[in-house]
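J.: Please read through the structure below; I'll follow up with questions.
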Amino acid sequence: MSLRDKYAAAIHVAKTVGMQGGAEERDGRLQFKGTVASEDEKNRIWDALKSVPTWKDELNAQIDVVEPAAVTYTVQSGDTLSKIAKAHLGDANAYMKIFEANKNIISDPDKIQPGQVLTIPKA
């Protein structure tokens, strides 16, 4: 059985969470390297890798968490920063975070215009 076959479940988890990277056999070890968007995704992959009892002897792994690219939102008629904050950050009171991230295009948090493209910071 190849190491890729032995770690097929972990490779499947990596694909499921959208890991960018891959796994290849080299020098009798599985070289597993990639990036994911969250610690939770990283931990899910590690849990699957460690489910193989001999993983310490067969595996070289590097899984890094990278911040996702900034999310943008185009203001629609009837939008407020509070409404946008509720939809994207889960908290209407977080509207000032959006305002702070967009001071270059918004001078007043109560004066946004349809068509403006706002950067939405992480929650």
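Since every read-out is calculated from the coordinates, none of them should be taken as a lab result. Because the structure is predicted, anything quoted here is derived from the model rather than measured. Neighbour counts run over all protein chains shown; Cβ positions are idealised from the backbone, glycine included.
J.: Of the labelled options (i) 46, 17, 10; (ii) 22, 19, 13; (iii) 45, 12, 11, which one gives semi-axes √(5λ) of the Cα gyration tensor in Å as computed for this structure?
T.: Here semi-axes √(5λ) of the Cα gyration tensor in Å agrees with entry (iii).
J.: For the stretch 81-88, in order, what is each residue's ³J(HN,Hα) by Karplus, 6.51 cos²θ - 1.76 cosθ + 1.60 with θ = phi - 60°, in whole Hz (x at glycine and Pro)?
T.: 4, 5, 5, 5, 4, 4, 5, 9
J.: Can you work out the FRET efficiency for the pair Val117 and Gln62, with r the C-beta to C-beta distance and R0 = 30 Å, to the nearest 0.05?
T.: Once rounded, the FRET efficiency stands at 0.25.
J.: Give, in nm to one decimal, the length gained when the segment between Val71 and Arg29 is fully stretched (0.36 nm per residue of separation minus the Cα-Cα distance).
T.: Roughly 11.3 nm would be gained on extension.
J.: Do the alpha carbons of any pairs in Lys86/Lys122; Lys42/Lys86; Lys83/Lys111; Lys6/Lys42; Lys15/Lys86; Lys6/Lys33 sit beyond 23 Å of each other, and which pairs?
T.: On the way: Lys86/Lys122 13 Å; Lys42/Lys86 28 Å; Lys83/Lys111 13 Å; Lys6/Lys42 19 Å; Lys15/Lys86 31 Å; Lys6/Lys33 17 Å.
Correct reply: Lys42/Lys86; Lys15/Lys86.
J.: Give, as a single signed number, the net charge of other residues whose beta carbon lies under 15 Å from the beta carbon of Lys86, with Lys and Arg counted +1 and Asp and Glu -1. If you can, show how the numbers build up before the last one.
T.: Values: positive: Lys83, Lys97; negative: Asp79, Asp91.
Net charge in that neighbourhood comes out at 0.
J.: Roughly what % antiparallel, to the nearest 5, for the DSSP beta bridges in the stretch 3-65?
T.: Within the stretch 3-65, antiparallel bridges account for around 50 percent of the total.
J.: Debye sum, Cα scatterers, the stretch 3-65, no solvent: what log₁₀ I/I(0) at q = 0.23 1/Å?
T.: Log10 of I(q)/I(0), two decimals: -0.88.
J.: Given charges of +1 on the Cβ of Lys and Arg and -1 on the Cβ of Asp and Glu, with all other atoms neutral, how large is the dipole of the stretch 3-65 about its Cα centre, in debye to the nearest 20? Can you show the working numbers first?
T.: Values: 10 positive and 11 negative charges, 17 e Å.
For this selection, approximately 80 debye.
J.: Could I ask something else about it? About its Cα centre, how strong a charge dipole does the chain have in debye, to the nearest 20, once Lys and Arg get +1 and Asp and Glu get -1 at the Cβ?
T.: On the way: 16 positive and 17 negative charges, 17 e Å.
Approximately 80 debye in magnitude.
J.: Which Rg and Dmax, in Å, describe the Cα atoms of the stretch 71-120?
T.: Spelled out, the Cα radius of gyration and Dmax of the stretch 71-120 are 9.3, 24 Å.
J.: I would also like to ask the following. Starting with the fewest neighbours, write out Lys83, Lys15 ranked by other beta-carbon atoms found within 10 Å of each beta-carbon.
T.: Lys15, Lys83
J.: Can I ask one more? Between Asn104 and Val17, how high is the FRET efficiency from 1/(1 + (r/R0)^6) when r is the Cβ-Cβ distance and R₀ = 35 Å? Nearest 0.05.
T.: Result of the calculation: an efficiency of 0.55.
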